[in-house]
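Structure first, then comments.
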Amino acid sequence: MYRIDHWIDGHTVASTSGRNGNIFDPATGQVQGTVAFADVSEVDKAVANAKAALPAWRATNLSRRAEIMFNMRELVSANRKEIAALLTKEHGKVTADALGELARGLENIEYACGIPNLLKGGYSEQASAGVDVYNIRQPLGVVAGITPFNFPAMVPMWMFANAVACGNTFILKPSEKDPSAAMLIAELLKQAGLPDGVFNVVHGDKVAVDRLLDHPDIAAVSFVGSTPIARYIYETGTKNGKRVQALGGAKNHMLVLPDADLDMAADALVSAAYGSAGERCMAISVVLAVDTIADDLVGKVQSRIPNVVVGNGNDPSSEMGPLITGEHRDKVASYVAGAAGEGAEVVVDGRDGAPTAGFFLKPSLIDHAKPGMKCYDDEIFGPVLTVVRVKSYEEGLQLINDNQFGNGTAIFTRDGGVARQFQFDVNVGMVGINVPIPVPVSYYSFGGWKASLFGDLHMYGPDGIQFYTRSKVVTSRWPDPRTSKVDLGFPQNR
């Protein structure tokens, strides 16, 4: 058994709240550790330290900030196996998934290494007689990130890299289900040269979240999680005068047209639906199959499912690990159990043959689903793929646009004209063309539409820089040295 406490002002701080949560090993179902749950005073302590560290960090020159990000990039890369092992230990994902998560997280740290260029402003000389106008971007102050269990290393990197590089100080509230990665990240940032107090970690539940949302010294909050909580975070934070970006849930559809390469589509569906046990907001959970190829496509997916090796994430042969908790596993299984009663056909039941120890569920495939069925309407967040049969491209597009979520989508086709029309017409924030999981690279930004995003700025990339800074416009006029008696001297940069 081990214990996880908070990270405040550059070191581990033992909690005094007396409240804790269990950390499970999802592969065995056994408790392996405990994590402290912060009370209001502990959150306040972290905020106070972040606020105290802000003036010096904000004044730190851009080259030094970039240097620290470069150092952090090297440290994360050098320790990627150790971080990945923590992810497998507490989340359950297989090693390949864990290493992939770190690779995508590293991209965001690499993007933040370019902060001297990313924070360049604009300048207009002689906007009026003797008047120059220019704009600069400045940090917000103390900002917070509330991150989900499914990517305990990558999503924090989506947030803190840009936030800290822009000159803010940062408080991370990671998921209490898998908190260890956040603590190792904090230690690596310290090794990278980040001053104490600039990055802090508080663990906990709704008590910690609510205090971050109402604390007067928190300027902005970033969140990734389910839609109901995202809506709560957004409404509460903005009511308290904070800038908020809150990414919510998803029901990502993949439209497969008759001219598509069906083998490629089937391979993509198995990977996108069952990778990471379906616990990712960019998973494909619905395939819209045009009637003429639906039987063939379903058969190809069904034939591939037995090849997905489900087991302990530490086993090199495993391709899919367990779900995060027994409660969540049971909730996902309930959608499979209820599908037939709603009129759908359970082609593959992932409850059959699943390992009995741990929180396992094998891949499930449900055919003939329709809007109005729970297996279609709800975000399941597990290894369940539902098939909806449509008569045409137009019907499939309408289903996507009518859905409450708008996170990601994909189309598989050989017709470039149809693909271009799809990207034009579809009301979804991230679109893949023959790409099943269209997660943008770090120099673009991540985020959906509709009930998948609350706020007007997406995560990381250019939107991340904009979110963690605010623009200031300066209008200046200087006396003419030929007529003024004031000795302006020669401008110095030190």
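Here are some notes:
- Rounded to the nearest 20, the size of the Cβ-charge dipole of the stretch 252-433 about its Cα centre is 260 debye, with Lys and Arg at +1 and Asp and Glu at -1.
- Cα-based helix-to-principal-axis angle, 154-165 vs the chain, degrees rounded to 10: 10 degrees
- Convex hull per residue volume in Å³, alpha carbons only, for the stretch 182-336: 187 Å³
- Pairs from the table (Lys89/Lys177; Lys177/Lys239; Lys173/Lys374; Lys93/Lys374) lying more than 23 angstrom apart at Cα are Lys177/Lys239; Lys173/Lys374; Lys93/Lys374.
- Residue order, fewest to most beta carbons within 10 Å, for His328, His91: His328, His91
- Inter-label distance, nm, simple model (7 Å from Cα along the C-beta direction), Val431/Lys450: 1.5 nm
- Helix 227-239 and the long axis of the chain differ in direction by around 20°, with both axes built from C-alpha atoms.
- Applying 1/(1 + (r/R0)^6) with r as the Cβ-Cβ distance of Ala56 and Asp291 and R0 = 60 angstrom yields a FRET efficiency of 0.40.
- Ordering of 468-475, 126-133, 242-249 by packing [mean C-beta count within 10 Å, highest first]: 242-249, 468-475, 126-133
- One equal scatterer on each Cα of the stretch 127-237, no solvent, Debye formula: the resulting log10 I(q)/I(0) at q = 0.11, 0.12, 0.22 Å⁻¹ is -0.39, -0.44, -1.27.
- Under conditions of 20 °C and 1.002 mPa s, the stretch 102-157 yields 147 µm² s⁻¹ as its translational diffusion coefficient, taking Rh as the Kirkwood radius over Cα pairs in the Stokes-Einstein equation.
- Calculated FRET efficiency for the pair Tyr123/Arg351, C-beta based, R₀ 51 Å, to 0.05: 0.20
- Charge context of Pro322, other residues only, Cβ under 13 angstrom, K/R +1, D/E -1: -4
- Remark: spin-label model distance Ala96-Glu74 equals 3.2 nm, labels positioned 7 Å along the Cα→Cβ axis.
- Calculated mean residue ellipticity at 222 nm for the chain: -12000 deg cm²/dmol, from DSSP H runs with n ≥ 4 weighted as -39500 (n - 2.57), summed, divided by the residue count and rounded to 500.
- Geometric descriptor of the stretch 252-433, per residue, is 108 Å³ (volume of the convex hull of the Cα atoms).
- Computed over the chain, the P(r) tail beyond 31 angstrom holds 47 percent of alpha carbon pairs.
- Which listed pairs, of Lys450/Lys472; Lys81/Lys190; Lys45/Lys81; Lys331/Lys362, have C-alpha distances above 22 Å, in listed order: Lys450/Lys472; Lys45/Lys81
- Bridge orientation summary for the stretch 257-402: considering DSSP beta bridges with both residues in this region, about 25 percent are antiparallel.
- Degrees, to the nearest 10: 262-274 long Cα axis against longest axis of the chain: 70 degrees
- Between Leu453 and Gly248, the built amide H atoms are under 5 Å apart, and every one of these is 5 or more places off in sequence or on another chain.
- Share of pairwise Cα separations in the stretch 357-494, more than 22 Å, in percent: 59 percent
- Computed FRET value (nearest 0.05) for Thr475 with Gln404, which takes r as the C-beta separation and R₀ as 45 Å: 0.50
- Positive minus negative residues near Gly406 (Lys, Arg vs Asp, Glu; Cβ under 10 Å): +2
- Annotation: extensible slack from Lys81 through Ser41 equals 10.9 nm (criterion: 0.36 nm per residue apart, minus Cα-Cα distance).
- Dipole orientation for the chain: of the candidates Pro440, Gly145, Val290, Gly145 has the Cα lying most toward the positive pole (charges on Cβ; Lys, Arg +1; Asp, Glu -1).
Quick note: the coordinates plus some simple rules give every number you see, no bench work behind them. Quantities reported herein were computed from a predicted structural model and do not represent experimental measurements. Methodologically, a virtual Cβ is constructed for each residue, glycine included, from the backbone with ideal geometry; neighbour enumeration extends over all protein chains shown.
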